[in-house]
Each structure stands twice: as structure tokens, then as C-alpha cells.
Amino acid sequence: MEPWEGATPDLADPAVVGVYDEIPLWSAPFGMALLEAVELHPNMVVLDVGCGTGFPLLELAERLGPGARLHGVDPWAPALDRLQQKLQAWQVETVVLHSKPIEEVLLPDGSVDLVVSNNGLNNCPDLDRALAVCARLARPGAQLVFTANLPATMHRLYDAYRQAMTEAGHPELHAPLQRHIDVRRQPTEALRAATERAGFEVLTAPERTFRWSFASARALFAHHFIRLAFLDPWRAVVPVELRHEVLGRLVRIVDAEATRHGSLALDVPWVCISARRG
């Protein structure tokens, strides 16, 4: 069959409509930069670490075409179920999914041409170990491109949280809040160093920022992605018996900020690192 003779997706088909969403808003700014940075060639073997529901893995698969082989890795099994539906709906047959952490993936050493991770590697429990696995699987000359949000992410909210803790008479809670920030958000210099320790040469590491604005604290805490990825860790830094007082103050501080400025503007600084396997 010629390339132009493929079937047109039926927009009345529930299977097609059910997977037609979708670039998650949080993932999009990071992922678009990643897609600009990757070097694509026919017949590549690609590894996506923390592929989630499929962005940018599915986009890469379609851009590379039928000669490529792509491996999506994520321990989040329901996300891979969702991604499998997309692969079937879009008739993409070049992707293999691995429902496990990157450290447990069984691929031949030196077999991968391109490793990508869209805000995924920075969520691995041990970044050095994860990068070491990527380096072992990558052939000499392979490209690594990954994105990560930086420590100043949503700093206005965290400043407000510290203020609420202090006003409630519990400044000792600043330390667990800082640990929450540090555990998943390393500065660019630390990410570069970890990449180089693994055996990659960093080529570029541009930093960028996007902004989320919310009309009120209620809107912020009700946002689906905030509830999915942030709300539980935010609550966990405050003991249960203090949450009503501290979080109540946080809501009032956030609402006052939104009233003064028209909205609560939360900046998300991030970096896109492109590196080459030595």
C-alpha cells in the first residue's frame, strides 16, 4: 500500500474520539522543546523513559515511520493501558511498552539510538542510576534529550506556603517543604553533572519558563493536574492536626495575591538537556 492510501480515522468512531485529546498541558511546553532538539533518522531504536500516556512517544513513532522501533517505559500501568488504546486507534505498530521502572528494562546493551524523557528522569528515585542504565543501553554516539522543571517552579505558591506556616507559628515546617522541592527538582548544573557522570557529553541545556495563572486558591486546588501530581505532596509536609490552620491561611494568602494582581501567576522554569553518548 502506498503511504497516501491509509484509512482516514472515523471521527464518529468512539474508539477514535476516546483517544483524541491529547497533549497534556503540563507536558506540552517541555515536550515541544524536546521534539525540536531530537535528531531523527530512519530505522532508529528509541527509548522513552517515563512515557506516561504517550506524549511525546507516540508523536516520535509517527514522525519516524514504520522502520523504527520505539520502547516506552513507565511503571504507571494504567497510563500504558491508555497509551495502548492510542496505538491501536492510530494504527501505530512500532512501539513496545514496558510496564516497569527503567532500571528493570531488559534491552541489549548499546542498542538504542535515541533516549528521551519528558519530565520523567527527574522523577526517578535515583537519577544517577537511571542515567547509568540509559548510558548502558545507548550505543556510542546516541543522543539523549530530556526535560526537567527546576527548583524555582511555582515559587510564589511555595513562598505563600512558607508565610502560612510562619503565621501559624510553625516555621519548622519550612524544612520538610524544602525537602519536597529538592527531591524532584535539581538545578541545571546538577542535572548536567549527573548526565556527564553517566557517560554523556552535554551539548546544550537551554532554560525556559512558562506560566500557569489561576483566578483563586479554589481554582488552583481543583485543577485536575494539581490534584493528580501536587496536592498530596503539598498536604503531606504538614501534620494532619495542623493542616486546617496552615492550609486555611495558605488559601487566604493565595486569594489575596490573586486579588492584588488579577490572578495567581505561577512560573514554571525548566531545562531541556541534549547530550551525546561517548
Quick check on my filter: what residues within region 107-163 are in contact (Cβ under 8 Å) with a residue 12 or more places away in the chain, part of a helix (DSSP H, G or I) and either among the acidic types (Asp, Glu) or in contact with a Phe, Trp or Tyr (Cβ under 6 Å, 6 or more places away or on another chain) (or both)? LEU121, ASP128
Take the conditions over 16 Å from PHE55 (Cα atoms), surrounded by 16 or more Cβ atoms within 10 Å (Cβ to Cβ) and charged (D, E, K, R) and apply them to ASP113. Does it pass? yes
So GLY52, is it surrounded by 18 or more Cβ atoms within 10 Å (Cβ to Cβ) and in a loop (DSSP other than H, G, I, E, B): yes
Output for region 181-193, where each listed residue is closer than 12 Å to THR153 by Cα and either among the aromatic types (Phe, Trp, Tyr) or assigned to a helix (DSSP H, G or I) (or both): ILE181, ASP182, ARG184
Taking region 208-222, which residues are surrounded by 15 or more Cβ atoms within 10 Å (Cβ to Cβ) and either among the polar types (S, T, N, Q) or assigned to a helix (DSSP H, G or I) (or both)? SER216, ALA217, ALA219, LEU220, PHE221
Quick one: count up the residues across region 144-162 that are surrounded by fewer than 23 Cβ atoms within 10 Å (Cβ to Cβ) and in contact with a Lys or Arg (Cβ under 8 Å, 6 or more places away or on another chain). 4
Among residues of region 84-106 being of a type in the set (A, V, I, L, M) and assigned to a helix (DSSP H, G or I), the residue surrounded by the most Cβ atoms within 10 Å (Cβ to Cβ) is ILE102
Could you tell me whether any residue of region 194-207 is part of a strand (DSSP E or B) and surrounded by 15 or more Cβ atoms within 10 Å (Cβ to Cβ)? yes
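Bear in mind that the values in this text are calculations on the coordinates, not laboratory data. Just so it is clear, the structure is predicted and the values come from calculations on it, not from any experiment. For neighbour counting, all protein chains shown are included, and Cβ atoms are generated from backbone atoms with ideal geometry for every residue, glycine included.
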